[in-house]
Amino acid sequence: MSSTEQTPRPTRLAAAAGVALVEALGLLAGGVYMLVRALTDDGGDLTGGVTGAVTVLALGLIPLAAARGLWRMRSWSRGPAVITQILALPVAWQMLQSEGVIPFGIVLAALAVTGLVLLVSPATTEALGIRRPGQEG
């Protein structure tokens with residue numbers, strides 16, 4: 001194989017990138033929504049609202065970068081993607097406990113579990129060039 005050829009992207013890796021992208025878009029949309037609410041709500045805490053919105057927007061950049069890295073088959077991208085899935089699980093649990101957002105909690109939990117399964121898949125690990133302990137190069 002020449003240096004310009006690249007290993008084909010496994011379906012599981014493409015799906016993991018898709019999961020990370022959906023999560024990123026959800027966070028970014030949520031951050032924009034929070035920012036608009038903070039700027040248009042007359043009696044609210046402007047500083048707290050804007051700070052929360054900017055935080056959610058910044059958090060959305062992590063799975064966005066991971067999605068891009070996974071799509072481009074970069075080994076570094078699995079770490080942020082796995083961390084995103086792990087952090088999404090308690091958020092989903094809290095959403096499942098709250099009236100009005102239970103459907104979002106179900107979707108988030110399904111995405112997080114699916115993402116974790118895809119990210120630890122041997123096909124994904126191999127495509128990213130990540131070796132298990134004791135595995136020879």
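The values are calculated or read from the model by the stated rules, or taken from the named source; none is laboratory data. These figures come from a predicted structure and were not determined experimentally. All Cβ positions, even for glycine, are placed from backbone atoms using ideal geometry, and neighbour counts span all protein chains on display. Please note that ligands, DNA and RNA were not included when accessible areas were found on the heavy atoms of the full protein model with its side chains. Shrake-Rupley method; radii C 1.70, N 1.55, O 1.52, S 1.80 Å.
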**Prompt:** Limited to segment 105-134, what total is found for residues that are under 16 Å from residue 75 (Cα atoms) and either of a type in the set (Phe, Trp, Tyr) or open to solvent by 50 Å² or more (accessible area, probe 1.4 Å) (or both)?
**Reply:** 7
**Request:** Considering each residue of segment 70-104, count those that are part of a helix (DSSP H, G or I), small (Gly, Ala, Ser) and either free of Cβ contacts under 8 Å to residues at least 24 places away in the same chain or surrounded by fewer than 17 Cβ atoms within 10 Å (Cβ to Cβ) (or both), and give that number.
**Result:** 3
**Every residue from segment 24-47 that is surrounded by fewer than 17 Cβ atoms within 10 Å (Cβ to Cβ) and farther than 28 Å from residue 112 by Cα** = 39, 40, 41, 42, 43, 44, 45, 46, 47
**Lone qualifier among 96, 28, 39 - being under 14 Å from the mean Cα position of the chain (by Cα) and more than 30 Å from residue 122 (Cβ to Cβ)** = 28
**Asked** From the list 116, 96, which one is modelled with pLDDT of 95 or more and within 20 Å of residue 68 (Cα to Cα)?
**Response** 116
